[in-house]
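Asks: Here it is, the structure, as structure tokens.
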Amino acid sequence: MKAIIDDKIPYIRPFISKLVDEAVFLPGAEITAQDVRDADILIVRTRTRCNRSLLHGSRVRFIATATIGYDHLDTAYLQQAGIRWTNCPGCNASSVGQYIHSCMLVLARETGLELQTTTVGIVGAGHVGTDVQKKLSSLGMKCLICDPPREQKEGNARGQFHSLQELMEQCQVITFHTPLVTEGPWPTLHMADASFFSALKQRPVIINTSRGEVVDNDALEKALADGLVRQAVIDTWEGEPRISRTLLEKVFIGTPHIAGYSADGKAHATQMVLTALCEWMGIQADFKVEPPSLPETFIHSADPLTLALQLYDPRSDSSRLKACPEDFERIRNNYPLRRESASWLQH
């Protein structure tokens, strides 16, 4: 069997070489129909659009995306063409949770945000939103959850779910963790638009680590200029990698779609992809994908909050992007080692 693989998927090479006869690594955005024509397996990230124009006439029968989101997969076409596909739900939830947790610590230190008196609205309570809730609750923050699909499925007898309107009225921080949905009863495309920003009551901090199109970037830029929003933390952007430089200049923290890029999250995604591939091939996945250890020179603080910023300080990623916004893709594709826990230190 032959596999075409995004060359930025980490830790996969020693394992995939034992599973397929031929593994070809290519930049995800540059994979073409000619490349996949004689391939059986395609392993991608968000930069590869898997649709009819890419796959028609190929022998591809299995596609795995090493990401939570799968809006870059034309699932209707894949089903019609008999191509099995899989994504990695929850693979980097803890990584995004770490990102949000660290951003809150930086906001507290640099803007005086009082975490223990702050109410945060979490829009989308899947794997990622649930981890974010856990981490922010540990900081003493009050969390309000908005997730209409879950509310319809589970009911709201305990009052655990809140409307978006309630979040807009009560929350000093609103963070988005939804998929990009363009139709149906709960679309998320431009969920945060001009009318959303004009109706806010608390001048909140707006955070988006979901999909860039969930937040109308032009409307956010105007809301920041008009003082409707106190600060913004943006990791996912409309038009990536050609993002709005004027919005980047205005946001408190702006990063190149790397909230889920801890080494732990990446290793988890690769493990999930390879496990799904083995299942499809009918063989046992008897391996464990492990990320690298932190260097022996890492000296960790005894204070847990200081240690959290030692492990990950989003200001570094933000400074790199603001200095060279044209390097969005290069910075994203050459991301430094980031671990979620100091327990992984080498001894």
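Asks: Every residue in segment 46-58 that is charged (D, E, K, R) and crowded, with 18+ Cβ neighbours inside 10 Å, please. Quick ask: steps written out before the conclusion?
Replies: Let us first name the residues in segment 46-58 that are charged (D, E, K, R), namely 47, 49, 52.
Residue satisfying the conditions is R47 alone.
Asks: If a residue must be buried (at least 19 other Cβ atoms within 10 Å of the Cβ) and either at pLDDT below 95 or not in a helix (DSSP H, G or I) (or both), how many such residues does segment 121-138 contain?
Replies: 5
Asks: Mind checking which pairs have a first residue in segment 85-99 that is under 23 Å from D40 (Cβ atoms) and a second that is buried (at least 24 other Cβ atoms within 10 Å of the Cβ) and among the polar types (S, T, N, Q), Cβ under 6 Å, 6 or more apart or different chains?
Replies: Pairs that qualify, where the first residue is under 23 Å from D40 (Cβ atoms) and the partner is buried (at least 24 other Cβ atoms within 10 Å of the Cβ) and among the polar types (S, T, N, Q), are N87/T65.
Asks: Then there's this: Out of curiosity, is A223 over 22 Å from G129 (Cβ atoms) and touching a Phe, Trp or Tyr at 6+ places or on another chain (Cβ under 7 Å)?
Replies: Against the criterion (over 22 Å from G129 (Cβ atoms) and touching a Phe, Trp or Tyr at 6+ places or on another chain (Cβ under 7 Å)), A223 qualifies.
Asks: Looking at (1) modelled with pLDDT of 95 or more; (2) farther than 30 Å from I41 by Cβ; (3) of a type in the set (D, E), which is the only condition E296 fails?
Replies: Just one mismatch for E296, condition (1).
Asks: Looking at segment 240-249, is at least one residue in contact with a strand residue (DSSP E or B) (Cβ under 8 Å, 6 or more places away or on another chain), assigned to a helix (DSSP H, G or I) and either under 30 Å from S341 (Cβ atoms) or not assigned by TED's automatic domain parsing to the domain that holds T119 (or both)?
Replies: No.
Asks: With the checklist (1) touching a residue at least 12 places away in the same chain (Cβ under 8 Å); (2) aliphatic (A, V, I, L, M); (3) under 25 Å from T306 (Cβ atoms) in hand, flag the one item V123 doesn't pass.
Replies: Of (1) touching a residue at least 12 places away in the same chain (Cβ under 8 Å); (2) aliphatic (A, V, I, L, M); (3) under 25 Å from T306 (Cβ atoms), only one is false for V123: (3).
Asks: Next up: Determine the pairs where a residue that is in contact (Cβ under 8 Å) with a residue 60 or more places away in the chain, located within segment 58-78, has a partner that is among the acidic types (D, E) and part of a helix (DSSP H, G or I) with Cβ atoms under 6 Å apart, the partner being 6 or more residues away or on another chain.
Replies: Listed pairs, sorted by first residue: none to list.
Asks: Taking segment 43-91 as the region of interest, how many residues are of a type in the set (D, E, K, R), closer than 15 Å to I4 by Cβ and touching a Ser or Thr at 6+ places or on another chain (Cβ under 9 Å)?
Replies: Going through segment 43-91 one residue at a time, the tally reaches 1.
The values are calculated or read from the model by the stated rules, or taken from the named source; none is laboratory data. Predicted, not measured: the structure shown is a model, and the values here were computed from it. All Cβ positions, glycine included, derive from the backbone under ideal geometry; neighbour counts span all protein chains shown.
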